[in-house]
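This report refers to the structure that appears directly beneath it.
The values are calculated or read from the model by the stated rules, or taken from the named source; none is laboratory data. From a predicted model like this one, the values you see are computed outputs, not experimental measurements. A quick note on method: Cβ atoms are made from the backbone with ideal geometry, for glycine too, and the neighbour counts reach across all protein chains shown. To get the accessible areas, we keep the full protein, side chains included, count just its heavy atoms, and leave off ligands, DNA and RNA. Shrake-Rupley method; radii C 1.70, N 1.55, O 1.52, S 1.80 Å.
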Amino acid sequence: MVLWNLGDDEVDLTGYGLNFDNEESSQRDQVRQLSGNVALAPGDDVTVATSDETTVDTDVTLADPYDGSVLNNDGTDVVALVDPDGNTVVSTDGSGGSDSGDGEDEPERTLTVTVVDETDEPLEGANVSVVTSDGGEEVASGETDSDGTVTFDVESGEYDVVVNHDDVTGPAATRTTVDDADAEVSMTLDTTDGRATGIVRVVDRNGDPVEGEPVTLWPPGTVEEEATETRETNADGEVVIELSGLEPTDVTGFDVEVRDQEQRLGIMSDAYQGVQEVVFEVDTSENDGDDSTDDDNSDDGDDTDDSEKETEKTDGSDNDDECKRKTDADGDGVPATDDADDDCAKVS
């Protein structure tokens with residue numbers, strides 16, 4: 001018989017024995033104690049001589065060996081290792097205590113997965129799956145919390161940790177081994193992979209940004225917008241459109257209108273094409289021009305009235321002087337109505 005220690009700790013088998021007839025129906029006592037002190041380091045094994053007829057090299061003998069062969073070589077024997085109290089530790093039919101690794105489920109370990117973005121900020125809402133590396137069977141799944149973390153209870157083994165997020169194109173995966181201790185995995189997702197940004201920029205005739213300008217957008221059917229949308233430009237004269245989860249060559253088109261001017265903005269992945277923008281130039285002096293026109297008209301009217309008044313005044317003075325000359329023909333300073341003509345009489 002060969003005994004292996006498959007654990008990570010040393011096992012002391014002093015006082016243990018072998019039961020050569022461990023079937024439930026057996027009524028015979030065939031337990032033989034191991035002789036001497038027996039200790040197995042992790043990964044070590046010992047060969048036990050089962051009778052005095054054993055012909056191979058052995059490490060341990062039985063305290064009371066059999067006189068003849070005790071094992072049937074047809075595979076029908078059920079042999080067990082028993083502790084000093086007679087309890088079965090492990091047996092060839094898979095029954096026994098935790099030392100066997102077969103008769104009882106292995107204790108579960110905690111696997112902690114942390115997901116962050118390209119700036120090391122926690123990524124909430126990432127879907128994490130833990131699958132076996134050999135067969136791809138999913139053993140656990142969950143979503144990261146506000147700290148970008150999710151934990152699972154799994155048995156020891158080798159696993160693939162697969163992460164999906166709405167802001168990332170395609171899944172990310174890494175392989176990890178969970179042994180006899182808890183394990184931690186940290187994964188970084190580049191959310192810019194599927195991000196796409198478009199900018200509508202409004203400037204005046206001098207190229208300066210126009211803040212508060214209404215911009216009308218007609219989103220395509222592939223974007224989760226139900227109808228036409230109107231936004232106002234920010235202090236930089238911009239309306240920024242951000243999309244996520246796009247494949248590198250996907251194009252999302254927007255029809256854009258500013259003051260009856262229309263353009264089309266096609267947005268692709270930032271990583272593939274960079275930020276795309278359209279620029280509208282508007283005349284911001286239109287409102288000021290109306291005020292100026294009113295003022296000018298007012299001034300023109302006043303100038304015209306003053307000119308006409310001045311002309312009237314001037315004409316009146318000239319006529320008056322002429323009439324004085326005509327009515328005072330003899331030069332004595334006393335008007336003579338007989339000297340005046342009809343026109344002067346009218347002016348006077």
Practice item. Restrict the check to region 209-226 and report whether at least one residue is surrounded by 13 or more Cβ atoms within 10 Å (Cβ to Cβ), under 20 Å from the mean Cα position of the chain (by Cα), modelled with pLDDT under 85 and not in a loop (DSSP other than H, G, I, E, B). Key: no
Point to revise | Qualifying residue in region 155-171 (condition: in a strand (DSSP E or B), under 30 Å from Gly266 (Cβ atoms) and of a type outside the set (A, V, I, L, M)) | key: yes
Review point. Is it the case that Glu53 is modelled with pLDDT under 70, surrounded by 11 or more Cβ atoms within 10 Å (Cβ to Cβ) and not in a helix (DSSP H, G or I)?
Key: yes
Exercise for review: Go through Gly125, Gly135 for me and flag whichever is within 12 Å of the chain's Cα centre (by Cα), small (Gly, Ala, Ser) and either part of a loop (DSSP other than H, G, I, E, B) or at positive phi (or both).
Suggested key: Gly125
**Study point:** Checklist (1) touching a strand residue (DSSP E or B) at 6+ places or on another chain (Cβ under 7 Å); (2) at pLDDT 95 or above; (3) not aliphatic (A, V, I, L, M) applied to Ser186, failing item
**Key:** (2)
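Of these, Gly36, Gly15, which one is farther than 16 Å from Asp77 by Cα, open to solvent by less than 50 Å² (accessible area, probe 1.4 Å) and either modelled with pLDDT of 80 or more or assigned to a strand (DSSP E or B) (or both)?
Details: Gly36 fails: open to solvent by less than 50 Å² (accessible area, probe 1.4 Å).
One residue alone meets the criteria, Gly15.
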Check your understanding: From the set of residues in region 117-152 that are open to solvent by 30 Å² or more (accessible area, probe 1.4 Å) and among the β-branched types (Val, Ile, Thr), which is farthest from Ala173 (Cα to Cα)?
Key -> Thr119
Review point. Going by the conditions given, is Ser146 part of a loop (DSSP other than H, G, I, E, B), farther than 30 Å from Leu3 by Cβ and at pLDDT 90 or above?
Key: yes
Exercise for review: Return yes when Pro42 is within 54 Å of the chain's Cα centre (by Cα) and either at pLDDT below 80 or part of a loop (DSSP other than H, G, I, E, B) (or both) and no when it is not.
Suggested key: yes
Exercise for review: Might you check whether a residue that is within 17 Å of Asp160 (Cα to Cα) and either open to solvent by 50 Å² or more (accessible area, probe 1.4 Å) or of a type in the set (Ser, Thr, Tyr) (or both) occurs anywhere in region 187-204?
Suggested key: yes
Check your understanding: Would you pick out the residues in region 153-185 that are of a type in the set (Val, Ile, Thr), more than 13 Å from Glu108 (Cα to Cα) and surrounded by 15 or more Cβ atoms within 10 Å (Cβ to Cβ)?
Key -> Val161, Val162, Val163, Val168, Thr169, Thr176, Val185
Check your understanding: So, of the residues in region 63-82 that are in a strand (DSSP E or B), of a type outside the set (Gly, Ala, Ser) and at pLDDT below 75, which turns out to be most open to solvent (accessible area, probe 1.4 Å)?
Key -> Asp64
